[in-house]
Amino acid sequence: MGWQVDKTIVMVGMMGAGKTAIGRALAAILDVPFLDSDAEIERAANMSIAEIFERDGEAFFRDKESQVISRLLDAPQKGVLSTGGGAFLAEANREMITKRGVSVCLMADIDLLWNRVKHKQSRPLLQTADPRATLEALYRKREPIYEQADIKVTARPEYSIDEMAAKVLEALRGRPDVLKETP
C-alpha cells in the first residue's frame with residue numbers, strides 16, 4: 001500500500017510548531033520529497049535567514065520567500081513543503097498555497113512553542129529584550145490568520161514527531177484532491 005500525492009502539502013504555523021520535523025516525517029511516510037522554503041532561500045542566497053533579515057530587511061526576505069514557495073508549488077513531483085512562520089501571513093501566499101497545494105497548520109499553544117524556541121539563537125524575530133513577550137505578541141497577531149489554513153492539526157507536548165505526522169496524515173485522508181491511497 002502506498003500514497004499518491006496530487007498537490008503539494010504545505011506545512012504552516014508558528015515557529016516551533018514542528019513544521020520541519022513533522023513535514024520531514026510525513027514526507028517519509030508518503031515517500032515524496034521534503035522541501036523547506038527557508039533552506040531553499042538560504043541556499044540561493046548563500047547566507048542564513050538571520051543574515052538576510054539583517055542585511056536586506058524583512059520585506060526583501062518575504063518577497064524571496066513568496067518566489068521560492070511559488071517555484072516549489074510548481075514542481076512536477078508533489079511533496080511536503082515546510083515554510084517559515086511568517087510565510088502564511090501574506091494573503092497572496094495563502095491564496096497561492098490553497099489554489100496550488102493544501103495548507104496544513106500545526107496549531108500549538110504558547111507554552112509548547114516557547115519550550116521549543118527559547119534556547120535557539122536562529123530566530124531573528126525573537127532577538128529582543130523580552131523574547132517570550134515577543135513570541136506571545138506574534139502568536140496573538142498570527143493565530144487568526146493561521147486559522148484560515150485548509151487543515152488544522154493540534155500539536156501536543158506528549159505527541160512524538162511520528163504521532164503528529166500520523167495525525168496530519170489522518171487529516172489529509174479527508175482530502176481526495178490531495179491524497180489517495182494506492183494498492
How long are the semi-axes of the equivalent ellipsoid of the chain, taking √(5λ) for every eigenvalue λ of the Cα gyration tensor, in whole Å from largest down?
26, 19, 14
Built amide H within the under 5 Å cut-off of ALA155, gap 5+:
MET107, ALA108
What fraction of the DSSP beta bridges in the chain is antiparallel, stated in percent and rounded to the nearest 5?
20
Hey, in the GNM for the chain with a 10 angstrom Cα cutoff, which one of GLY86, GLY57, GLY101 fluctuates hardest?
GLY57
To make sure I understand, if each residue's beta carbon is the centre and we count other beta carbons within 10 Å, what order do ILE69, ILE145, ILE49 fall in, fewest to most?
ILE145, ILE49, ILE69
Final fewest-first order of THR20, THR182, THR8 on the 10 Å Cβ neighbour count is THR182, THR20, THR8
For a quick check: with amide H placed at 1.01 Å from N, whose amide H comes under 5 Å from ASP6's, ignoring anything fewer than 5 positions away on the same chain?
LEU179, LYS180
Max mean-square fluctuation residue, GNM over the chain, Cα-Cα springs under 10 Å, options SER37, SER103, SER70
SER70
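Just so you know, all these numbers are worked out from the coordinates, no wet-lab data involved. All values reported here derive from a predicted model rather than from experimental measurement. Cβ: placed from backbone, ideal geometry, glycine included. Neighbour counts: every protein chain shown.
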